[in-house]
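Report on the structure given below.
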Amino acid sequence: MCGICGFVDYKGLSGKAELIKMTSTLNHRGPDDAGGDVLNLPNFTLALGHTRLSILDLSPAGHQPMNYKHLSIVFNGEIYNFQEIKKDLRAQGHTFNSESDTEVILHAFDEWGKECVSKFIGMFAFVIYNQQTRELSMFRDRPGVKPLYYYWDGQLFLFGSELKSFHKHPGFVKQINVKAVHQYMDFGYVAAPNCIFENCKKLNPGHILTIKLDTKGIQISKYWDVKDYYKLPRLEISYEEAKTQLDKLLHSAFEYRMVADVPVGIFLSGGYDSTAVASILQSSRSNSKIKTFTIGFEMGNNEAPFAKEIAKYIGTDHNEYYCTMKEAQEIIPTLPYFYDEPFADSSAVPTILVSRFARESVTVSMSADGGDEIFAGYSIYKSYLDRLAQLNMISGALRPIAGYVSGLTAAVLPISKLNLKHKLDVIARIYKNNHNITSEKIFKEYFLLNRFVRDSLFIDPYHNQPSAYDGDFGGFRDTISKVLAIDYQMYMQNDILTKVDRATMSVSLEGREPFLDQRIIEFAAQLPTEFKYGATQKMILRDIVHNYIPKSLMARPKSGFSIPLSKWLKADLIWLIEDNFRTENIKEAGFFQVPYMQNLKNLFLANKLKDETIIWKLIQFQMWYKQWM
C-alpha cells in the first residue's frame, strides 16, 4: 500500500519543493520509501509523487515513480493476479526487471492501453503519464477500495490519495462546498464524486479520468458498474450448484489476498463474513497458522469472546487485546486529521485500534467488508421491505388523505418527537407524490436528514446532492437487487471502505478486502435473490460457512463494531459537546443556526433526542473545520 500525489501546473509556479511537501503528508501510507519526479515541459509543469509501503518485491526495484519507455506511473494498491498477466505479457515479448505488480501495470498499459484495467483483479488507484500522447490517466478500482481525489480550477490540476496533500500546494483554494455539507449531514459522509471543497472531486470507482495536457481537456469514462450485473438474466442454477461455485470463488479470491512478501493477518470479529475468510483460508493450511486479530471492549458491543471461540475451533494463531475506555477516547481528536473530510462513523475508533494492534505483528491484514452488501446481510433490508409492503397495501384512493393526515400530525408534534415527525413526513410525501416515488427513493428516505431538522439547522437553503440513489434502476429484477446495488455503490464505498482505508493507513497497515474481488459480486448479482435473501438473510454465505464451522458456534444475533458513544458524550467526553456547540465556534464555521444547534444539545443531554446520531455528525464537522480551515 502506498500514497500517491502530484500536480499539473499551467502557471509554472510550483516545482520540486511543493511536491516534497505534498508527498510528506502521506508518509503514514508509505513509510518505507518516497520518490518524486518533476518535469518542466512546454506550457506546464508535471509532478508525480509517491510514498511506499513495501509489500511485493521489497528491493529498490519497486521504487516509484516507475518508468518504462514513454510511460511513468505512481500506484497505490495491489494487483493480485499480476503473475498471470506477467506471463501473458512475456508471451508478447515483454521482459521485466522486478517482481513488483507496478511494473506489470506499466507493461500492460503499453501493450493494451487503457483496456488493460479490465484484466486486473485487485484494489488500486494509479496515475500514468504518457509522454507520447501527452496525456495523464487516472484509474480507480471497481468497488472503490483505494481513494483518489483530484482538484481542477482551470490552471492547476492536483491529485492525491488523501486531501491533506492538497493543503500543501499554494495554489489550492480551500472553499467549502455548501451542498457537500448538506450531504454530509444526511449520510455522515460526503459521497463520491463529491468533495467537501469546491473544484475538488473524488474519482468514482470503476472510472478512468484522462486529461489531455496540451488542450486541458478532461474526459471521464466508466469501465465497470455493479448495476450492469444485476440487470443480467439470473443464472439458471440449483442452490447446491451455486454453493459449490461460490465456495470455489471465495477460495480463489481469499488466496489471492494472501500473496505478499510480508506477514499477513485477518481481522476476526466472529461474525459470518470474517469467519468465512479465516476458516476458508485456514482450512487449506494444515502446517501453518494464520494470525487473527480481535479487539475486545469492556463496553459497547464486545465480540471478542465469540471471535476467540471461532479461532480456537479453526486453529488460527489468535491475538486479542482489550482496550481501555481511555485508549478509545484518545483516538477521537485524531479523526479529522486522518479522514480529511467530515466523517461521522464512530466505528472508525475501534477500527483504528484493531489496526494498531495488528500492525505490531503484520504489515497486511484482511477485513471482511462487503459481505452484507453482496449477500443481503443488513437488518434494514427487512424493515425496508416490510415498510414497502405496508405502503403498497393502502389503496390509491386513500393515499392522499393518509398523506394529508400524516403531514398535519408531523407538523404539530414537538421537537422532542423528531423521529416520529420524520416518519410521518416521509409517509405524507410518499402518498402525495406516489406517481414520482420509486422504491429506491423510498429507501433513500431512510437516510436523509429529518426535513424538520434541516429546515431549522442550516443557514443556507438545503440542497440535495445527487448520489447512487438517483441513478438509473430500470431493468432490475426485484427491489432487493436495487438496494443491494445502492449500498454497494453508496454506503460500502463512502463509509465502510473509507473508514477501513484511513484507519489501516493511519498506522501503515495494508488493509485487504477479499469479498470485493469483482468475480464474487459479478456472480452473486446474477444469483436468484432467494439464494441470498431466503430462509435467512445472507443464506448462501451462511450455509457455506457451516461447511467449516458448526452452526451452533454461529448461532447468535448480528452485532456491530461499536462503542458507547452517547454515554461517553454525556460523561467523560462532555467537553466535546461544550466546545463544539459554543456560540462562537458555531458562528465561525457559519453553516448552522446557533439556537437550533444548542437546542439539539440540550435535548441530547436531557435524553430527549430520539435520533442522537446528529450530535456526532455536528461534533465531527466542527472538529474537522477547526483542523483544516
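The values are calculated or read from the model by the stated rules, or taken from the named source; none is laboratory data. It should be emphasised that the depicted structure is a prediction, and the values quoted were computed from it without experimental measurement. Cβ placement follows ideal geometry from the backbone for every residue including glycine, while neighbour counts extend to all protein chains displayed.
I need a count of the residues in the stretch 460-475 that are among the hydrophobic types (A, V, I, L, M, F, W, C) and not in a helix (DSSP H, G or I). I'd like the intermediate steps shown before the answer.
First, the residues of the stretch 460-475 that are among the hydrophobic types (A, V, I, L, M, F, W, C): 468, 473.
Retained after the next criterion (residues that are not in a helix (DSSP H, G or I)): 473.
Within the stretch 460-475, residues that are among the hydrophobic types (A, V, I, L, M, F, W, C) and not in a helix (DSSP H, G or I) number 1.
Would you please name the residue that is surrounded by the fewest Cβ atoms within 10 Å (Cβ to Cβ), looking only at residues in the stretch 332-376 that are β-branched (V, I, T) and in a helix (DSSP H, G or I)? Explain how you work it out, then say what you get.
As a first pass, look at the stretch 332-376 and keep what is β-branched (V, I, T): 332, 334, 349, 351-352, 354, 362-364, 374.
Keeping just the survivors that are in a helix (DSSP H, G or I) gives 332, 334, 349, 351-352, 354, 374.
Details: I332: 20, T334: 14, V349: 24, T351: 24, I352: 23, V354: 25, I374: 26.
Taking the candidates together, the pick is T334.
In the stretch 242-282, which residue that is among the charged types (D, E, K, R) and assigned to a helix (DSSP H, G or I) is farthest from A368 (Cα to Cα)?
Ranking the candidates gives K243 first.
Counting residues that are surrounded by fewer than 24 Cβ atoms within 10 Å (Cβ to Cβ) and of a type outside the set (A, V, I, L, M, F, W, C), which strands (runs of 3 or more DSSP E) fully inside the stretch 1-104 reach at least 3?
33-41
When the residues of the stretch 608-617 are filtered to those that are at pLDDT 95 or above and not aromatic (F, W, Y), which remaining residue is surrounded by the fewest Cβ atoms within 10 Å (Cβ to Cβ)? Explain how you work it out, then say what you get.
Residues of the stretch 608-617 at pLDDT 95 or above: 614-617.
Retained after the next criterion (residues that are not aromatic (F, W, Y)): 614-615, 617.
Numbers: I614: 21, I615: 25, K617: 19.
This residue is K617.
Would it be correct to say that F109 is assigned to a strand (DSSP E or B) and either surrounded by 21 or more Cβ atoms within 10 Å (Cβ to Cβ) or among the β-branched types (V, I, T) (or both)? Give the derivation first.
On the way: assigned to a strand (DSSP E or B): no; either surrounded by 21 or more Cβ atoms within 10 Å (Cβ to Cβ) or among the β-branched types (V, I, T) (or both): yes.
Here the answer is no, as F109 does not meet what is asked.
The rows are residues; the columns are (1) free of Cβ contacts under 8 Å to residues at least 12 places away in the same chain; (2) surrounded by fewer than 21 Cβ atoms within 10 Å (Cβ to Cβ); (3) basic (K, R); (4) outside any loop (DSSP other than H, G, I, E, B).
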| residue | (1), (2), (3), (4) |
| --- | --- |
| Y184 | no, no, no, yes |
| A191 | no, no, no, no |
| Q219 | yes, yes, no, yes |
| E240 | yes, yes, no, yes |
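P143 - would you say it is crowded, with 23+ Cβ neighbours inside 10 Å, assigned to a loop (DSSP other than H, G, I, E, B) and either in contact with a Cys (Cβ under 6 Å, 6 or more places away or on another chain) or not β-branched (V, I, T) (or both)? Quick ask: steps written out before the conclusion?
Working: crowded, with 23+ Cβ neighbours inside 10 Å: yes; assigned to a loop (DSSP other than H, G, I, E, B): yes; either in contact with a Cys (Cβ under 6 Å, 6 or more places away or on another chain) or not β-branched (V, I, T) (or both): yes.
In short, yes.
Does any residue of the stretch 213-224 turn out to be within 18 Å of the chain's Cα centre (by Cα) and under 30 Å from I586 (Cα atoms)? Outline the logic, then answer.
Step one: list which residues in the stretch 213-224 are within 18 Å of the chain's Cα centre (by Cα), which gives 224.
Adding the requirement that they be under 30 Å from I586 (Cα atoms) leaves none.
No, the stretch 213-224 contains no residue that is within 18 Å of the chain's Cα centre (by Cα) and under 30 Å from I586 (Cα atoms).
Could you grab me the full set of residues in the stretch 570-584 that are polar (S, T, N, Q) and surrounded by fewer than 16 Cβ atoms within 10 Å (Cβ to Cβ)? Break it down into steps so the answer makes sense when it comes.
First pass over the stretch 570-584, keeping only residues polar (S, T, N, Q): 580, 583.
Result: T583, single match.
Test A125 against the stated conditions and say whether it is closer than 30 Å to V190 by Cα and aliphatic (A, V, I, L, M). Walk me through how you get there before you give the answer.
Details: closer than 30 Å to V190 by Cα: yes; aliphatic (A, V, I, L, M): yes.
Against the criterion (closer than 30 Å to V190 by Cα and aliphatic (A, V, I, L, M)), A125 qualifies.
Only one of these conditions is not met by S467: (1) buried (at least 16 other Cβ atoms within 10 Å of the Cβ); (2) over 29 Å from E162 (Cα atoms); (3) at pLDDT below 95. Which number is it?
(2)
What is the number of the single condition among (1) under 30 Å from the mean Cα position of the chain (by Cα); (2) without any contact (Cβ under 8 Å) to a residue 12 or more places away in the chain that A108 does not meet?
A108 satisfies all of (1) under 30 Å from the mean Cα position of the chain (by Cα); (2) without any contact (Cβ under 8 Å) to a residue 12 or more places away in the chain except (2).
Out of Y548, Y596, Y625, which single residue is modelled with pLDDT of 95 or more, within 18 Å of G371 (Cβ to Cβ) and among the hydroxyl-bearing types (S, T, Y)?
Numbers: Y596 fails: within 18 Å of G371 (Cβ to Cβ); Y625 fails: within 18 Å of G371 (Cβ to Cβ).
Result of the check over Y548, Y596, Y625: Y548.
Would you check if Y469 is in contact (Cβ under 8 Å) with a residue 12 or more places away in the chain and more than 24 Å from the chain's Cα centre (by Cα)?
Working: in contact (Cβ under 8 Å) with a residue 12 or more places away in the chain: yes; more than 24 Å from the chain's Cα centre (by Cα): no.
Considered against the rule, which asks whether it is in contact (Cβ under 8 Å) with a residue 12 or more places away in the chain and more than 24 Å from the chain's Cα centre (by Cα), Y469 comes out as no.
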